Amino acid sequence: MSNKTSGKDTKSAAGRISPKTTNNIFIGILIILTFLLYGNTIRNHYSLDDYHIAKNNPDFEQGISAIPRIFTTMYASENGLNFGYRPLVRTSFAIEFQFFGKRPYVSHFINIIFYLIAVLMLYKILRRLLRDFHYFLPFIIALLFLAHPIHTEVVASLKNRDELFVLIFCLLALDQAIKYADTLNKKHIYWAMAMIGLSFLSKPTTAAFFFIIPISLYFFTNLEMKKIVRLTAVIGLIAIIVAFVPFLYLPKFSRPMSLMENPLAVEGGLMNHIAYAGFTLMYYLKLLVFPHPLRYYYGYNMFPDINFSNIWVILGIILHIGLLIYAIMLLKRKHILSYAILVYFISIAMFSNLVRPAPGIIAERFLLIPSIGFSIVIAYFLYWLFWQNPAAQKANFYKLTGVVFITIIILIPYSAKTFIRNTHWRTEMTLYRADMPHLYNSVKGNELYANEIMKGVNRELAKPVNVLKFIEPRVKEAIKHWERAAEIQPDFYQAYRNLGIVYNRIYKDHDTAIYYFNKVLEHKPDDPMTLFNLGLAYEGKQEIARAIDYLEQSLALDPKAINTRSRLANILYGIGEFERAVALNQEIMEIAPNESLPYVNLGNYFIFQRDTLSGIRFYERAVELGAPPDASYYLSMYYRMKGETEKADYYRRIAENQQKKLSEQ
């Protein structure tokens, strides 16, 4: 298309301002906008998996000294299961904690910096890839990417720092590959290999860039195809080494997926995968176009009836096959739309549920890289909306003004949504409360919200004075959501167990509790925790023989259970079996030498037996091991009655400090 302009055309801003100055202005805008949109995340606390990855992780508390261990252990381990290998991300938290400690606002600020680096790297690469296009185009693409609300999960959730690392290192690898294409200097190949290696040490989703790098070189450089293939092979080789060698010495990877996460985990099959892929791709496209509502989790049963009778499935399959055909048709012409569509397809493919189930069915963080392709398409069509060829080096002033105006019109709601969504991530409760209206059909959504409500209730119950009528509305709200989770998934035994605990502990409705505990045993007959709770329920009913029977059954399944052994000991003491009670507490001391519970129990026993001196000795040992405040308060009162003021004040201070810590939790 001709670059000639009419008499009404004006010189572009680049004609009046040097390209370098224009570029610096654009970079300044990107920096300012990043902090304007995401600066409010600095006030946020930990949420969701942040607690496992960033807060309650003993490795990170060791700081830099933990790095060797980090590189020889899995990303996360829980209940005997090992998840992934992402040492670089874990190392970033260890270094951070070395200098700043556990301060979530510091972690969130660092996440913003990483996001800004990703945005600036993207803009830099786009300027090179699109150097034959209008100079505004890379900037508009970067703006759309920066402001898109779909990225709030990645930036606001510290756990998702791995996604940011993948994008940053992959963009650095692409940058080096482009420099090799432009200069044929082999040092850039080595740098590209190094960046891909670092990306793989952040998260395996790096694999998408094995294809994005070569197609970028094909579309926007003059590098020979054989050199592109050779470069891709070399990068692939280093990636394979980095990805698989650690598993020669790491524990076995185990990441089983449940129905609650994705129905394909239990009802796979080619046709089911195709149907889910059609629906998933259509829903992801919907989120990119209209990012509302946003959810921290999806999972079962957010999308019932995903099959070929679902119109979204059919539309998703037809639309995406059509887009793929269109991209292939434009491939030889090296058309920018072909490139954008292929980038989108390549980066979203592994999360489409086509080959394997994706955790949660859908996750907004998976759209971080695919949104680059989407932003390119939108920016391209903004030019064509005003009959302006984006490949033209110069632009009609009025047409360009129209492009800028519509871009701003898009950015305003996107920015507002991003800013507001960041506040939802302030705490776990604010997040769950904000999303719950959109998670009515999600098993996990209902469960997590109910659990979080009960955390607050338990804090109230732990206080010296609590009034049930003030916390009962929250208890009823939690019950409603556990009941909803069980309604959606009748074999979801965790909901029944939680319901039983609430009815037993708070309402003292032992019969209802027993009903729910037996519902658990229908689905998980050898669950020691449920047998333990049945023992507590029958104890509440004063059916001591049955209580002892269930506690002994629980102990047989979990021989090292401390609470079960402690409760059984207390019941036995209550019926006069003093020696058996003492023996059980001595077993706890052997199992867990630093546990204060058996010393509190023995202190109680001896004081009730009128052997106060023995009881006091056990209490003092319990306090040394961090016993709850009651033991310290008792010691304080005891020594005050004895006239030993110094000891009384000492234990009083300990009790007050412990109570303060409990109230802050």
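The values are calculated or read from the model by the stated rules, or taken from the named source; none is laboratory data. Since we're looking at a predicted model, the values are computed, not measured. Note that we place each Cβ from the backbone using ideal geometry, even for glycine, and neighbour counts take in every protein chain shown.
Conditions (1) of a type in the set (A, V, I, L, M); (2) in contact with a helix residue (DSSP H, G or I) (Cβ under 8 Å, 6 or more places away or on another chain); (3) not in a helix (DSSP H, G or I), marked per residue:
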position	(1), (2), (3)
N585	no, yes, no
N601	no, yes, no
N604	no, yes, no
S614	no, yes, no
A627	yes, yes, yes
R640	no, yes, no
A648	yes, yes, no
R653	no, no, no
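Checking each residue in region 249-264 for being touching a residue at least 12 places away in the same chain (Cβ under 8 Å) and either among the β-branched types (V, I, T) or under 17 Å from P490 (Cα atoms) (or both) picks out L259, M260, E261, N262, P263. Checking A655 against (1) touching a Leu at 6+ places or on another chain (Cβ under 7 Å); (2) hydrophobic (A, V, I, L, M, F, W, C); (3) closer than 30 Å to E428 by Cα, only one condition comes out false. Which one? Against the list (1) touching a Leu at 6+ places or on another chain (Cβ under 7 Å); (2) hydrophobic (A, V, I, L, M, F, W, C); (3) closer than 30 Å to E428 by Cα, A655 comes up short only on (1).
Among the conditions (1) in a loop (DSSP other than H, G, I, E, B); (2) at pLDDT below 95; (3) hydrophobic (A, V, I, L, M, F, W, C), L400 misses just one, which is (1).
Out of the residues in region 69-85 meeting the condition of being in contact with a strand residue (DSSP E or B) (Cβ under 9 Å, 6 or more places away or on another chain), assigned to a loop (DSSP other than H, G, I, E, B) and among the hydroxyl-bearing types (S, T, Y), tell me which one is modelled with the lowest pLDDT. Reasoning before the result, please.
Looking only at region 69-85, we keep the residues that are in contact with a strand residue (DSSP E or B) (Cβ under 9 Å, 6 or more places away or on another chain), and these are 73-77, 82-84.
Applying the additional criterion that residues be assigned to a loop (DSSP other than H, G, I, E, B) yields 73-75, 84.
From what's left, among the hydroxyl-bearing types (S, T, Y): 73, 75.
Values: T73: 83, Y75: 78.
Among them, the one singled out is Y75.
When the residues of region 219-248 are filtered to those that are more than 18 Å from K186 (Cα to Cα) and in contact (Cβ under 8 Å) with a residue 60 or more places away in the chain, which remaining residue is surrounded by the most Cβ atoms within 10 Å (Cβ to Cβ)? Filtering first and then ranking leaves F220. When R333, R365 are checked against the criterion of being under 21 Å from I168 (Cβ atoms) and basic (K, R), R365 stands alone in meeting it. I want to confirm something. Restricting to region 149-181 and keeping residues that are charged (D, E, K, R) and under 20 Å from the mean Cα position of the chain (by Cα), which single residue is surrounded by the fewest Cβ atoms within 10 Å (Cβ to Cβ)? So the residue we want is K159. Exactly one residue out of Y298, Y344, Y284, Y339 is over 20 Å from F209 (Cβ atoms) and in contact with a helix residue (DSSP H, G or I) (Cβ under 9 Å, 6 or more places away or on another chain), and it is Y298.
Of all residues in region 441-461, exactly one satisfies the criterion of being part of a loop (DSSP other than H, G, I, E, B) and either among the β-branched types (V, I, T) or buried (at least 22 other Cβ atoms within 10 Å of the Cβ) (or both), namely S442. Taking the listed residues L88, L146, the one that is buried (at least 20 other Cβ atoms within 10 Å of the Cβ) and modelled with pLDDT of 95 or more is L146, with no other qualifying.
Beta carbons closer than 7 Å, at least 6 apart along the sequence or on distinct chains, pair a first residue in region 536-556 that is crowded, with 19+ Cβ neighbours inside 10 Å with a second that is outside any helix (DSSP H, G or I) for S554/A561; L555/A561. Selection of region 557-566 for residues being outside any helix (DSSP H, G or I) and either surrounded by fewer than 19 Cβ atoms within 10 Å (Cβ to Cβ) or in contact with a His (Cβ under 7 Å, 6 or more places away or on another chain) (or both) yields D558, P559, K560. Could you tell me whether region 520-532 includes any residue that is in contact (Cβ under 8 Å) with a residue 12 or more places away in the chain, on the phi < 0 side of the Ramachandran plot and of a type in the set (K, R)? The answer is yes, given that some residue of region 520-532 is in contact (Cβ under 8 Å) with a residue 12 or more places away in the chain, on the phi < 0 side of the Ramachandran plot and of a type in the set (K, R). Step by step: first the residues of region 408-429, then only those that are surrounded by fewer than 19 Cβ atoms within 10 Å (Cβ to Cβ) and of a type in the set (S, T, N, Q), then the one that is nearest to the chain's Cα centre (by Cα). Which residue is that? Filtering region 408-429 for residues that are surrounded by fewer than 19 Cβ atoms within 10 Å (Cβ to Cβ) and of a type in the set (S, T, N, Q), the one nearest to the chain's Cα centre (by Cα) comes out as T427. When D132, D162 are checked against the criterion of being of a type outside the set (A, V, I, L, M), over 16 Å from P370 (Cβ atoms) and not in a helix (DSSP H, G or I), a single residue qualifies: D132. If you check F109 against the conditions, is it closer than 17 Å to D162 by Cα, assigned to a helix (DSSP H, G or I) and of a type in the set (A, V, I, L, M, F, W, C)? Here the answer is yes, as F109 does meet what is asked. Out of all the residues in region 299-350, which are farther than 30 Å from K444 by Cα and either free of Cβ contacts under 8 Å to residues at least 12 places away in the same chain or within 25 Å of the chain's Cα centre (by Cα) (or both)? I318, I321, G322, I325, I328, M329, L330, L331, K332, R333, H335, V343, listed by residue number. Assessment of region 192-205 against the conditions (out of contact with any strand residue (DSSP E or B) (no Cβ under 9 Å at 6 or more places or on another chain), part of a loop (DSSP other than H, G, I, E, B) and surrounded by fewer than 18 Cβ atoms within 10 Å (Cβ to Cβ)) yields no matching residue. L625 falls short of the stated requirement of being under 24 Å from K463 (Cβ atoms), over 43 Å from the mean Cα position of the chain (by Cα) and not charged (D, E, K, R).
Would you mind stating whether Y105 is within 24 Å of the chain's Cα centre (by Cα), surrounded by fewer than 22 Cβ atoms within 10 Å (Cβ to Cβ), over 24 Å from A239 (Cβ atoms) and touching a residue at least 60 places away in the same chain (Cβ under 8 Å)? Criteria met by Y105. Contact map, region 351-366: first residue more than 18 Å from E153 (Cβ to Cβ), second residue among the acidic types (D, E) and surrounded by fewer than 23 Cβ atoms within 10 Å (Cβ to Cβ), Cβ cut-off under 9 Å, separation 6 or more or different chains; pairs are P357/E261.
Tell me whether region 207-228 contains one or more residues that are within 24 Å of the chain's Cα centre (by Cα), assigned to a helix (DSSP H, G or I), of a type in the set (A, V, I, L, M) and within 27 Å of Y180 (Cα to Cα). Please lay out each step first, then the result.
Taking region 207-228 as the starting set, the residues that turn out to be within 24 Å of the chain's Cα centre (by Cα) are 207-209.
Narrowing the set further to residues that are assigned to a helix (DSSP H, G or I) leaves 207-209.
Right, trim to of a type in the set (A, V, I, L, M) and you get 207-208.
Applying the additional criterion that residues be within 27 Å of Y180 (Cα to Cα) yields 207-208.
Checking region 207-228: at least one residue is within 24 Å of the chain's Cα centre (by Cα), assigned to a helix (DSSP H, G or I), of a type in the set (A, V, I, L, M) and within 27 Å of Y180 (Cα to Cα).
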